[in-house]
Amino acid sequence: MAMTWKERMLSAIRGEPTDRIPWVPRLDLWYRANRRAGTLPMQYADADLMDIVDDLDWGFHAVVPDFRDLRGPEDDVDRALGIYNLWSMPWRTELKGVRRTVRVEGYRTFTEYRTPVGSVQTAVLYNEEMRRAGVSLTHVEECAFKGPQDYAPLGYIFEHAQVEENYSGYTQFATGIGERGLAVGFATAAASPMHSLQRELMPLDLFFYEAHDHPDKLRGLARQVGFYWDRMLEVVSRCPAEVVLLGGNYDASVTPPPFFAEHVQPWLKAASDALHAQGTYLLTHTDGENAGLLTHYVDSGIDVADSVCPAPMTRLTLRDVRDAFAGRVSIMGGIPSVALLPSSMPERQFRSFIDQFFVDIGAGDHLVLGVSDTTPPAAEFGRLLEIARRAKSFGTVDDRPG
């Protein structure tokens, strides 16, 4: 009897035999952009994404949430703090002791947080250009942290934030996915308190200035955020998801190995230990330049490196990544998005790339094949079909030498 896509994905993560390589491309941006533009393949002009994937007999990618799938504006209002309260997440945050004022002006949402020790303001953008591109995550135009005066109010916000279960919301989400794929529980986009400061709360250049000019204050704020993270991890580790997503968007130039080892790896390891104790796998989103970071991923105890993006978009080949992981970490992704764009990779180069790719995957174990980071709106649909055909014709993964 054929395996379901969920069974294939879980078996691939465990390194167990599968009846075929799971092909589970992320298509959400591609779908939204082409649906809006009226440029979906003709046979799918009026179909929703789940119907398309079912018809193609592909796995359904349910890893990164749709950030526009909201119960109401309140689900998204704290996004610039790195706080998401999406209905499909297994946990939610409630701010305590904070007076929050929200103002919408056109495509921008301004939020002010007043605390007993000061105020901070954020602004996010979600415009027509982003909608046309299929983007669901708002863009932070005004970060919460702008200077040393913001340490105290931000520390207060996170120290007093309460964390609550939202297992029923996640269960509803997972039920909708069914056996089409793995309904990954989204925990948070950052991987640690310090990483949250870097990627969520302040501009990147200002983060490094603060690390030089006010290292003690920066570490102090990270400790305060850490109290909130501990509460989050306690709730998330008990959630009913088989796989939890925590953190992502690392890059050797922004989260270099020494930074990762000190500020990210311990938190990923704590999360993996807590999740493993409940029989849950940890997935983290590794879509950047991973040179120098692979051994740290292994030492972090993660189970899945999601959205691995190899050469020619980064320095490492898929074989480099597989050799470093040596079956200790499974890969999700592997096809760089440029391979789907004729303007970036001509047909002859694409054929050569795919031929080599299916050599580099070796036995095909520990692999959930997909597109890294996501299928671009301008992707040539025929190339997706060709990759699916090659993955299916590869056969089972248990009858091949490693």
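Observations, loosely collected:
- Pairs of lysine residues in the chain - Cα separation under 27 Å, sequence separation of 8 or more or cross-chain: 6
- Once the Kirkwood radius over Cα pairs is known for segment 1-131, the Stokes-Einstein relation at 20 °C and 1.002 mPa s delivers a diffusion coefficient of 118 µm²/s.
- Exposure proxy for Leu341, Leu218: other Cβ atoms within 10 Å of each Cβ, ordered fewest to most, give Leu341, Leu218.
- Dipole magnitude of segment 213-257 about its Cα centre (Cβ charges: Lys, Arg +1; Asp, Glu -1), debye to nearest 20: 160
- Farthest positive-ward along the chain dipole, Cα basis, beta-carbon charges - from Gly288, Val264, Ala363: Gly288
- Taken one residue at a time, the phi angles of segment 264-273 give Karplus couplings (6.51, -1.76, 1.60, θ = phi - 60°) of 10, 4, x, 6, 5, 5, 4, 5, 5, 5 Hz. Gly and Pro are set to x.
- Relative contact order (%) - segment 75-188, alpha-carbon pairs under 8 angstrom, separation at least six: 33
- Counted residue by residue at 0.36 nm each, then reduced by the alpha carbon distance between them, the extension gain from Asp69 to Val117 reaches 13.9 nm.
- The listed peptides 235-241, 301-307, 78-84, ordered by packing as a protection proxy, come out as 301-307, 78-84, 235-241 (highest mean of other Cβ atoms within 10 Å first).
- Sorting 259-269, 244-254 by average packing, meaning the other beta carbons within 10 Å per residue, from highest down gives 244-254, 259-269.
- Given charges at Cβ of Lys, Arg, Asp, Glu: the chain dipole, positive-most of Trp5, Ile354, Gly327: Ile354
- For the chain, the alpha-carbon radius of gyration amounts to 0.98 times the rule-of-thumb value 2.2 N^0.38 Å expected for a compact globular protein.
- Taken one residue at a time, the phi angles of segment 351-367 give Karplus couplings (6.51, -1.76, 1.60, θ = phi - 60°) of 4, 5, 4, 5, 4, 5, 4, 6, 7, 5, 6, x, 6, x, 6, 6, 9 Hz. Gly and Pro are set to x.
- Net length gained if the chain between Leu341 and Arg390 were fully extended (0.36 nm per residue, minus Cα distance): 15.8 nm
- Exposure proxy order (Cβ contacts within 10 Å, fewest to most) of Thr314, Thr284: Thr314, Thr284
- Electrostatic dipole magnitude of segment 227-289 [Cβ: Lys, Arg +1; Asp, Glu -1; Cα centre; debye, to 20]: 220
- Simple rule: put +1 on each Lys or Arg Cβ and -1 on each Asp or Glu Cβ in segment 197-350, find the dipole, and look at Met202, His212, Leu316; the Cα lying farthest toward the positive end is Leu316.
- Counted charge near Thr101, where neighbours are those whose Cβ lies closer than 9 Å (Asp, Glu -1; Lys, Arg +1): +3
- Glu128-Ala47 FRET efficiency (beta carbon distance; Förster radius 25 Å; 0.05 resolution): 0.55
- Glu105/Asp355 FRET efficiency (R0 45 Å; Cβ-Cβ; nearest 0.05): 0.30
- Karplus-based coupling profile of segment 201-206, in residue order and whole Hz: 9, 8, x, 4, 5, 5, with θ = phi - 60° in 6.51 cos²θ - 1.76 cosθ + 1.60 and x standing for Gly or Pro.
- Summing Cβ point charges (Lys, Arg +1; Asp, Glu -1) relative to the Cα centre of the chain gives a dipole of roughly 200 debye.
Rule-based calculations on the coordinates, nothing more; no lab input. Model, not experiment: these values are computed from the prediction. Neighbour counts run over all protein chains shown; Cβ positions are idealised from the backbone, glycine included.
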